[in-house]
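The values are calculated or read from the model by the stated rules, or taken from the named source; none is laboratory data. None of the values given here were measured: they were computed from a predicted structure. Every residue, glycine among them, receives a Cβ derived from its backbone with ideal geometry; neighbour counts consider all protein chains shown.
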Amino acid sequence: MADFRKLVAVSLRAGLLGGLLLSVLQHYQTLPLILAAEQFETPSAEHVHDWQPMDGWQRNGFTLLFNGLTGFGFALLISASMYWRNQRGYLYGIGWGLAGYWVFYVAPSFGLPPELPGTDSAELHSRQTWWLFTAAATAIGLFGLVLTKQRLLQFGGAGLLALPHLIGAPHPEVAQALAPEALQQHFVVLTSINNAIFWLTLGAISGRLLRKVTFE
Amino acid sequence: MKTLAASPAISTSKFLPGFSAIILGLTVVLGLGFLQDANNYLHNAAHDGRHSAAFPCH
(Lines give C-alpha, C1' and ligand atoms only; values in the text may rest on other atoms or scores of the structure.)
Protein backbone atom coordinates (compact mmCIF):
# COMPACT_ATOMS: atom_id res chain seq x y z
CA MET A 1 0.00 0.00 0.00
CA ALA A 2 2.97 2.31 -0.48
CA ASP A 3 1.20 3.60 -3.60
CA PHE A 4 -1.84 4.52 -1.52
CA ARG A 5 0.32 6.68 0.76
CA LYS A 6 1.79 8.43 -2.27
CA LEU A 7 -1.68 9.14 -3.64
CA VAL A 8 -2.69 10.58 -0.26
CA ALA A 9 0.43 12.78 -0.13
CA VAL A 10 -0.17 14.15 -3.64
CA SER A 11 -3.86 14.74 -2.91
CA LEU A 12 -3.18 16.51 0.39
CA ARG A 13 -0.91 19.03 -1.26
CA ALA A 14 -3.16 19.53 -4.30
CA GLY A 15 -6.30 19.72 -2.16
CA LEU A 16 -4.93 22.25 0.30
CA LEU A 17 -3.62 24.48 -2.50
CA GLY A 18 -6.86 24.21 -4.48
CA GLY A 19 -8.94 24.78 -1.34
CA LEU A 20 -6.91 27.86 -0.44
CA LEU A 21 -7.44 29.30 -3.93
CA LEU A 22 -11.18 28.57 -3.79
CA SER A 23 -11.45 30.18 -0.34
CA VAL A 24 -9.81 33.38 -1.56
CA LEU A 25 -12.14 33.52 -4.59
CA GLN A 26 -15.17 32.88 -2.39
CA HIS A 27 -14.15 35.39 0.22
CA TYR A 28 -14.18 38.23 -2.27
CA GLN A 29 -17.00 37.04 -4.51
CA THR A 30 -19.66 34.78 -3.05
CA LEU A 31 -19.34 35.33 0.71
CA PRO A 32 -20.57 38.95 0.43
CA LEU A 33 -23.67 37.61 -1.38
CA ILE A 34 -24.28 34.95 1.31
CA LEU A 35 -23.99 37.59 4.04
CA ALA A 36 -26.31 39.92 2.13
CA ALA A 37 -28.88 37.13 1.70
CA GLU A 38 -28.76 36.35 5.41
CA GLN A 39 -29.96 39.89 6.12
CA PHE A 40 -33.32 38.83 4.67
CA GLU A 41 -33.58 35.84 7.01
CA THR A 42 -35.14 36.10 10.43
CA PRO A 43 -33.60 33.54 12.76
CA SER A 44 -36.20 31.02 13.86
CA ALA A 45 -36.46 30.41 17.58
CA GLU A 46 -35.19 26.83 17.47
CA HIS A 47 -32.00 27.81 15.70
CA VAL A 48 -30.96 30.67 17.93
CA HIS A 49 -29.28 28.44 20.52
CA ASP A 50 -27.29 26.35 18.07
CA TRP A 51 -23.57 26.96 17.99
CA GLN A 52 -22.32 28.61 14.86
CA PRO A 53 -18.95 30.10 13.96
CA MET A 54 -18.66 33.82 14.63
CA ASP A 55 -18.53 36.06 11.58
CA GLY A 56 -14.98 36.95 10.68
CA TRP A 57 -11.91 34.78 11.07
CA GLN A 58 -13.77 31.90 12.74
CA ARG A 59 -16.37 31.58 10.01
CA ASN A 60 -13.76 32.04 7.26
CA GLY A 61 -11.46 29.57 8.98
CA PHE A 62 -14.11 26.83 8.87
CA THR A 63 -14.79 27.57 5.21
CA LEU A 64 -11.06 27.32 4.48
CA LEU A 65 -10.96 24.00 6.37
CA PHE A 66 -14.02 22.76 4.48
CA ASN A 67 -12.54 23.74 1.10
CA GLY A 68 -9.13 22.26 1.91
CA LEU A 69 -10.64 18.95 3.04
CA THR A 70 -13.10 18.64 0.14
CA GLY A 71 -10.19 19.60 -2.15
CA PHE A 72 -8.24 16.71 -0.61
CA GLY A 73 -11.16 14.34 -1.19
CA PHE A 74 -11.69 15.45 -4.78
CA ALA A 75 -7.93 15.31 -5.49
CA LEU A 76 -7.91 11.68 -4.25
CA LEU A 77 -10.52 10.84 -6.90
CA ILE A 78 -8.48 12.57 -9.62
CA SER A 79 -5.12 11.07 -8.66
CA ALA A 80 -6.54 7.56 -8.21
CA SER A 81 -8.12 7.73 -11.67
CA MET A 82 -4.84 8.87 -13.22
CA TYR A 83 -2.95 6.20 -11.27
CA TRP A 84 -5.21 3.50 -12.65
CA ARG A 85 -4.83 4.74 -16.20
CA ASN A 86 -1.06 5.33 -15.93
CA GLN A 87 -1.44 9.03 -16.66
CA ARG A 88 0.54 11.95 -15.32
CA GLY A 89 1.13 15.58 -16.17
CA TYR A 90 -1.04 18.65 -15.88
CA LEU A 91 -2.89 18.21 -19.20
CA TYR A 92 -4.37 14.86 -18.16
CA GLY A 93 -5.05 16.45 -14.77
CA ILE A 94 -7.03 19.25 -16.38
CA GLY A 95 -9.06 16.64 -18.29
CA TRP A 96 -9.95 14.86 -15.04
CA GLY A 97 -10.63 18.22 -13.38
CA LEU A 98 -13.11 19.01 -16.13
CA ALA A 99 -14.79 15.63 -15.57
CA GLY A 100 -14.98 16.33 -11.82
CA TYR A 101 -16.48 19.76 -12.43
CA TRP A 102 -19.15 18.19 -14.60
CA VAL A 103 -19.89 15.29 -12.24
CA PHE A 104 -19.90 17.21 -8.95
CA TYR A 105 -20.99 20.68 -10.03
CA VAL A 106 -22.49 21.13 -13.50
CA ALA A 107 -24.79 18.08 -13.60
CA PRO A 108 -26.22 18.48 -10.05
CA SER A 109 -26.58 22.28 -10.49
CA PHE A 110 -28.50 21.75 -13.69
CA GLY A 111 -31.41 20.49 -11.58
CA LEU A 112 -30.55 22.07 -8.24
CA PRO A 113 -28.80 25.40 -8.84
CA PRO A 114 -26.60 26.73 -6.03
CA GLU A 115 -28.82 28.58 -3.59
CA LEU A 116 -28.40 31.51 -1.31
CA PRO A 117 -29.53 31.07 2.30
CA GLY A 118 -33.26 31.72 2.67
CA THR A 119 -34.33 30.03 -0.56
CA ASP A 120 -37.29 27.67 -0.27
CA SER A 121 -36.53 24.23 -1.65
CA ALA A 122 -37.99 20.76 -1.62
CA GLU A 123 -37.31 18.62 1.46
CA LEU A 124 -33.54 18.30 2.08
CA HIS A 125 -33.38 14.53 2.02
CA SER A 126 -34.98 14.21 -1.42
CA ARG A 127 -32.60 16.83 -2.84
CA GLN A 128 -29.56 15.09 -1.38
CA THR A 129 -30.72 11.80 -2.85
CA TRP A 130 -31.24 13.33 -6.30
CA TRP A 131 -27.83 15.09 -6.07
CA LEU A 132 -26.02 11.85 -5.21
CA PHE A 133 -27.87 9.88 -7.86
CA THR A 134 -27.04 12.53 -10.46
CA ALA A 135 -23.34 12.62 -9.58
CA ALA A 136 -23.12 8.80 -9.68
CA ALA A 137 -25.05 8.48 -12.96
CA THR A 138 -22.96 11.25 -14.54
CA ALA A 139 -19.67 9.68 -13.44
CA ILE A 140 -20.62 6.23 -14.78
CA GLY A 141 -22.19 7.78 -17.90
CA LEU A 142 -19.08 9.83 -18.70
CA PHE A 143 -16.93 6.74 -18.21
CA GLY A 144 -19.09 4.76 -20.64
CA LEU A 145 -19.24 7.55 -23.21
CA VAL A 146 -15.61 8.67 -23.17
CA LEU A 147 -13.46 5.81 -21.91
CA THR A 148 -14.98 2.75 -23.53
CA LYS A 149 -14.75 1.68 -27.13
CA GLN A 150 -17.93 -0.39 -27.44
CA ARG A 151 -20.95 1.26 -29.07
CA LEU A 152 -23.39 -0.29 -26.63
CA LEU A 153 -21.54 1.06 -23.58
CA GLN A 154 -21.26 4.48 -25.21
CA PHE A 155 -25.01 4.61 -25.83
CA GLY A 156 -25.64 3.41 -22.30
CA GLY A 157 -23.32 6.12 -20.99
CA ALA A 158 -25.15 8.83 -22.92
CA GLY A 159 -28.42 7.52 -21.54
CA LEU A 160 -27.09 7.63 -17.98
CA LEU A 161 -25.96 11.24 -18.47
CA ALA A 162 -29.51 12.21 -19.46
CA LEU A 163 -31.43 10.03 -17.00
CA PRO A 164 -31.32 12.24 -13.84
CA HIS A 165 -32.55 15.22 -15.85
CA LEU A 166 -35.35 13.23 -17.43
CA ILE A 167 -36.45 12.18 -13.93
CA GLY A 168 -36.06 15.77 -12.78
CA ALA A 169 -34.84 17.30 -9.53
CA PRO A 170 -37.23 17.68 -6.60
CA HIS A 171 -38.64 21.18 -6.37
CA PRO A 172 -41.07 22.77 -3.91
CA GLU A 173 -44.66 23.30 -5.07
CA VAL A 174 -44.35 27.02 -4.49
CA ALA A 175 -40.83 28.38 -4.85
CA GLN A 176 -39.99 31.37 -2.72
CA ALA A 177 -36.76 33.13 -2.00
CA LEU A 178 -36.10 35.84 0.54
CA ALA A 179 -33.16 37.37 -1.32
CA PRO A 180 -33.84 39.32 -4.54
CA GLU A 181 -33.67 37.36 -7.78
CA ALA A 182 -30.74 39.42 -9.10
CA LEU A 183 -28.64 38.49 -6.05
CA GLN A 184 -29.41 34.79 -6.59
CA GLN A 185 -28.47 34.95 -10.29
CA HIS A 186 -25.24 36.74 -9.49
CA PHE A 187 -24.47 34.00 -6.94
CA VAL A 188 -25.05 31.22 -9.49
CA VAL A 189 -22.75 32.84 -12.06
CA LEU A 190 -19.91 33.50 -9.62
CA THR A 191 -20.22 30.06 -8.02
CA SER A 192 -20.04 28.39 -11.45
CA ILE A 193 -16.90 30.34 -12.38
CA ASN A 194 -15.21 29.79 -9.00
CA ASN A 195 -15.84 26.05 -9.05
CA ALA A 196 -14.57 25.77 -12.63
CA ILE A 197 -11.33 27.53 -11.65
CA PHE A 198 -11.08 25.32 -8.55
CA TRP A 199 -11.54 22.03 -10.44
CA LEU A 200 -9.21 22.86 -13.32
CA THR A 201 -6.52 24.05 -10.91
CA LEU A 202 -6.99 21.00 -8.69
CA GLY A 203 -6.60 18.69 -11.69
CA ALA A 204 -3.57 20.55 -13.04
CA ILE A 205 -1.77 20.52 -9.67
CA SER A 206 -2.59 16.85 -9.06
CA GLY A 207 -1.31 15.89 -12.50
CA ARG A 208 1.83 17.95 -12.09
CA LEU A 209 2.58 16.45 -8.67
CA LEU A 210 1.98 12.91 -9.96
CA ARG A 211 4.78 13.47 -12.47
CA LYS A 212 7.30 13.46 -9.66
CA VAL A 213 6.00 10.27 -8.06
CA THR A 214 7.35 6.83 -8.84
CA PHE A 215 4.84 4.11 -8.08
CA GLU A 216 5.79 0.58 -7.08
CA MET B 1 4.11 -4.04 -27.44
CA LYS B 2 2.21 -0.94 -26.43
CA THR B 3 -0.45 0.64 -28.55
CA LEU B 4 -1.89 4.06 -27.94
CA ALA B 5 -5.48 3.02 -28.55
CA ALA B 6 -5.66 0.15 -26.10
CA SER B 7 -6.45 1.32 -22.60
CA PRO B 8 -4.77 -1.14 -20.28
CA ALA B 9 -7.00 -2.89 -17.80
CA ILE B 10 -6.19 -2.08 -14.19
CA SER B 11 -3.57 -4.51 -12.96
CA THR B 12 -4.35 -6.45 -9.81
CA SER B 13 -1.58 -4.78 -7.84
CA LYS B 14 -2.89 -1.31 -8.73
CA PHE B 15 -6.49 -2.04 -7.89
CA LEU B 16 -6.35 -1.84 -4.10
CA PRO B 17 -4.32 1.39 -3.66
CA GLY B 18 -6.51 3.24 -6.18
CA PHE B 19 -9.73 1.81 -4.76
CA SER B 20 -8.72 2.79 -1.21
CA ALA B 21 -7.96 6.32 -2.39
CA ILE B 22 -11.37 6.58 -4.04
CA ILE B 23 -13.20 5.28 -0.96
CA LEU B 24 -11.31 7.73 1.28
CA GLY B 25 -11.99 10.60 -1.13
CA LEU B 26 -15.71 9.87 -1.34
CA THR B 27 -15.97 9.49 2.43
CA VAL B 28 -14.33 12.88 3.04
CA VAL B 29 -16.38 14.70 0.39
CA LEU B 30 -19.74 13.15 1.19
CA GLY B 31 -19.22 13.39 4.94
CA LEU B 32 -18.43 17.10 4.74
CA GLY B 33 -21.08 17.85 2.16
CA PHE B 34 -24.02 15.77 3.34
CA LEU B 35 -23.97 14.82 7.02
CA GLN B 36 -26.62 16.47 9.18
CA ASP B 37 -25.85 16.35 12.90
CA ALA B 38 -28.48 16.79 15.59
CA ASN B 39 -26.91 19.97 16.99
CA ASN B 40 -26.13 21.46 13.59
CA TYR B 41 -22.46 21.91 14.55
CA LEU B 42 -21.17 20.34 11.35
CA HIS B 43 -23.88 21.99 9.28
CA ASN B 44 -23.12 25.46 10.62
CA ALA B 45 -19.35 25.06 10.31
CA ALA B 46 -19.62 23.79 6.74
CA HIS B 47 -22.46 26.17 5.84
CA ASP B 48 -20.73 28.65 3.51
CA GLY B 49 -18.65 25.93 1.88
CA ARG B 50 -21.74 23.83 1.18
CA HIS B 51 -23.62 26.75 -0.33
CA SER B 52 -20.64 27.68 -2.49
CA ALA B 53 -20.10 24.12 -3.71
CA ALA B 54 -23.80 23.75 -4.61
CA PHE B 55 -24.38 20.92 -2.12
CA PRO B 56 -28.01 20.87 -0.95
CA CYS B 57 -27.71 22.66 2.40
CA HIS B 58 -30.93 23.53 4.24
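Filtering the stretch A:63-93 down to residues that are over 17 Å from B:Gly18 (Cβ atoms), of a type in the set (A, V, I, L, M, F, W, C) and buried (at least 19 other Cβ atoms within 10 Å of the Cβ), which residue is farthest from the other protein chains (Cβ to nearest Cβ)? If we take residues in the stretch A:63-93 being over 17 Å from B:Gly18 (Cβ atoms), of a type in the set (A, V, I, L, M, F, W, C) and buried (at least 19 other Cβ atoms within 10 Å of the Cβ), then A:Leu64 is farthest from the other protein chains (Cβ to nearest Cβ). Do the conditions hold for A:Gly159, that is, is it part of a helix (DSSP H, G or I), touching a residue at least 12 places away in the same chain (Cβ under 8 Å) and surrounded by fewer than 17 Cβ atoms within 10 Å (Cβ to Cβ)? In short, yes. Filtered by the rule that a residue be touching a residue at least 40 places away in the same chain (Cβ under 8 Å), assigned to a helix (DSSP H, G or I) and over 22 Å from A:Ser79 (Cα atoms), the stretch A:92-112 gives A:Ser109, A:Phe110, A:Gly111. Checked against (1) at pLDDT 90 or above; (2) within 8 Å of another protein chain (Cβ to nearest Cβ), B:Ser13 passes all but a single condition, namely (1). When A:Phe133 is tested against (1) more than 19 Å from A:Ile78 (Cβ to Cβ); (2) among the aromatic types (Phe, Trp, Tyr); (3) not in a helix (DSSP H, G or I), just one condition goes unmet, and that condition is (3).
Scanning the stretch A:113-138 for residues that are within 17 Å of A:Ile34 (Cα to Cα) and either surrounded by fewer than 16 Cβ atoms within 10 Å (Cβ to Cβ) or free of Cβ contacts under 8 Å to residues at least 60 places away in the same chain (or both) yields A:Asp120, A:Ser121. Could we say that A:Ala169 is outside any helix (DSSP H, G or I), touching a residue at least 24 places away in the same chain (Cβ under 8 Å), surrounded by fewer than 20 Cβ atoms within 10 Å (Cβ to Cβ) and not hydroxyl-bearing (Ser, Thr, Tyr) here? Against the criterion (outside any helix (DSSP H, G or I), touching a residue at least 24 places away in the same chain (Cβ under 8 Å), surrounded by fewer than 20 Cβ atoms within 10 Å (Cβ to Cβ) and not hydroxyl-bearing (Ser, Thr, Tyr)), A:Ala169 does not qualify. Considering the stretch A:2-28, the residues that are under 15 Å from A:Leu190 (Cβ atoms) and in contact (Cβ under 8 Å) with a residue 40 or more places away in the chain include one that is farthest from the other protein chains (Cβ to nearest Cβ), namely A:Leu21. Each residue in the stretch B:16-41 was checked for being modelled with pLDDT of 90 or more and either at the interface with another protein chain (Cβ under 8 Å from one of its Cβ atoms) or surrounded by 15 or more Cβ atoms within 10 Å (Cβ to Cβ) (or both), and 17 of them qualify. For the stretch A:139-149, the count of residues that are buried (at least 17 other Cβ atoms within 10 Å of the Cβ) and assigned to a loop (DSSP other than H, G, I, E, B) is zero. Scan the stretch A:43-61 and give yes if some residue there is closer than 29 Å to A:Ala169 by Cα, under 15 Å from the mean Cα position of the chain (by Cα) and facing chain B (nearest Cβ under 8 Å), otherwise no. Checking the stretch A:43-61: not a single residue is closer than 29 Å to A:Ala169 by Cα, under 15 Å from the mean Cα position of the chain (by Cα) and facing chain B (nearest Cβ under 8 Å). Among the candidates B:His58, B:His51, the residue that is surrounded by 12 or more Cβ atoms within 10 Å (Cβ to Cβ) and at pLDDT below 85 is uniquely B:His58.
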